[in-house]
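First up is the structure itself, then whatever we jot down about it.
What follows is calculated from the coordinates using simple rules that are stated; it is not laboratory data. Small disclaimer: the values here were computed from a predicted structure and weren't measured. As a convention, Cβ positions derive from the backbone with ideal geometry for all residues, glycine included, and neighbour counts pool all protein chains shown.
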2 protein chains.
Amino acid sequence: MAADNFKLTLHMVSSLDGFIAKKDNSVSWFETSSYYKKGVAGQDAETFLKTIDCYVMGARTYEHAVALSASYGWAYGDTPTIVVTNRILPAERKNIEFYSGDLNVLVNERLKPNYNNVWVAGGAILAKELLQLQLTDEIRVTILPVILGDGLLFFNHIGLEQALHLKDVTAYKNGMVELCYAFKKE
Amino acid sequence: MAADNFKLTLHMVSSLDGFIAKKDNSVSWFETSSYYKKGVAGQDAETFLKTIDCYVMGARTYEHAVALSASYGWAYGDTPTIVVTNRILPAERKNIEFYSGDLNVLVNERLKPNYNNVWVAGGAILAKELLQLQLTDEIRVTILPVILGDGLLFFNHIGLEQALHLKDVTAYKNGMVELCYAFKKE
């Protein structure tokens, strides 16, 4: 049964102070210049990304990814990508679908029967709803070596306490740290 | 010259979503029940704490530490402890001093000539001022395996972007992760 292997992972890339975007949406802060001798190189992360069989993202994250694709290419390859939105947006690629409605239905009826390793690529609004509905199995937080001081918070007072289980910690040579937690299910 | 070895470290213990206190000030969430097989035991942290020769904290952190000391003992031992406050507070122990005024003067005239390894134990207001004045050499963030969902944020929009250099990452058996960064001085 596919559902047994199903995993919904929430991913965020943030500054140490928890921001996922600057007010002006500029992304140069992603290019950090720290060097951490004990860190690992980035290849592990790339191998890992290949195991993702579906991406889910909010409308603003999608629009931002589309804007960035002009300079950096489309970040999510040919992997099926579902954009959660109530708006009518253009599908920039063949592998983009749009979903509007109940997130429980999305996860249990649309994702679980079809995919194993679903990755929520943002943003903050979608993440907050998924966390509040306790639909997430795992959370991966990539912390960049910078304090931004202002911007869009990833965790914006979700209002629900949830115990986590630390699964993995990876420090990269560029000073990025990735923390992976499973949600403890009661 | 003492100033060459001087280091002001800002320390925070927070939930994954960046909260350092719950609204009701209860502390049971500090006792996390995660188990991380690859983590190290806690002894390293204790050896490290002995190198601290002065603690600095805000008034609320002090009052909270005093309240907790009834059940858990005083957390900062006989190490000199300076409480930054404009209020008149009782000194609960001989090694407590109070300071009111300019934080530049505190750091450069009071701390630098007398101590090497000064540890700022909180809270959020004092940390924000020290960060804004760029008086901090190092920041240590201890992340507990829990999402609190609400409470007092440590980094409350400090409004100043600052590049960091990752110095160390330690994962503990109990699922705590400690990240240590140096501030990049321009």
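In region B:1-110, a dipole from Cβ-located charges (positive for Lys and Arg, negative for Asp and Glu) runs towards its positive end, and of B:W74, B:V13, B:T47 it is B:V13 whose Cα lies farthest in that direction. Shown here are the Rg and Dmax of the Cα trace of region B:79-133, at 11.3, 31 Å.
Can you give the longest stretch of chain A with no exposed loop site, where a site means chymotrypsin sites (Phe, Trp or Tyr not before Pro) in a DSSP loop (not H, G, I, E or B) with at most 16 other C-beta atoms within 10 Å? The answer is A:75-186. The distance from the alpha carbon centre of region B:84-136 to that of region A:117-152 is 34 Å, rounded to a whole number. Over 28 Å between Cα atoms, which of B:K94/B:K167; A:K7/B:K173; A:K22/A:K112; B:K50/B:K173 qualify? Over 28 Å Cα-Cα: B:K94/B:K167; A:K22/A:K112.
Using a 10 angstrom Cβ neighbour count of at most 11 plus a DSSP loop assignment to flag exposed trypsin sites (Lys or Arg not before Pro), which longest range of chain B is free of such sites? Here the longest segment lacking exposed loop sites spans B:95-184.
For the residues of A:51-62, the average number of beta carbons from a partner chain within 10 Å of their own beta carbon is 0. Amide H contacts of B:I158 (H built 1.01 Å from N, in plane; Pro and chain starts excluded): A:G149 sit under 5 Å, all sequence-distant by 5 or more or on other chains.
When the inverse distances between all different Cα atoms of region B:53-115 are averaged and flipped, the Kirkwood radius reads 12.2 angstrom. The Rg/Rh ratio for region A:2-183, using Cα coordinates for both the radius of gyration and the Kirkwood hydrodynamic radius, is 0.94.
Only Cα sites of region B:114-186 enter the Debye sum here, all with the same form factor; the resulting log10 I(q)/I(0) across q = 0.12, 0.20 1/Å is -0.39, -1.05, listed in q order.
Distances from A:A70 to itself in the other copies, using label points 7 Å out along the Cα-Cβ axis, amount to 6.2 nm in increasing order.
For the protein assembly as shown, the Kirkwood hydrodynamic radius from C-alpha pairs, put into Stokes-Einstein at 4 °C and a viscosity of 1.567 mPa s, yields a diffusion coefficient of 58 µm² per second. Measuring from each Cβ of chain A to the axis that turns chain A onto chain B, the shortest distance belongs to A:G18, 2 (residue, then whole Å).
Averaged over the residues of A:6-17, the number of partner chain Cβ atoms lying within 10 Å of the residue Cβ comes to 2. Each copy carries a label point for A:D168 at 7 Å from Cα toward Cβ; from one copy, the others' points are 2.5 nm away, ordered from shortest. The Cβ shell under 11 Å around A:T79 holds other residues with a net charge of 0, Lys and Arg each +1, Asp and Glu each -1.
Sorted shortest first, the distances from the A:R87 label point to those of the same residue in the other copies are 4.6 nm; each point sits 7 Å from Cα along Cα-to-Cβ.
For the residues of B:142-155, the average number of beta carbons from a partner chain within 10 Å of their own beta carbon is 6.
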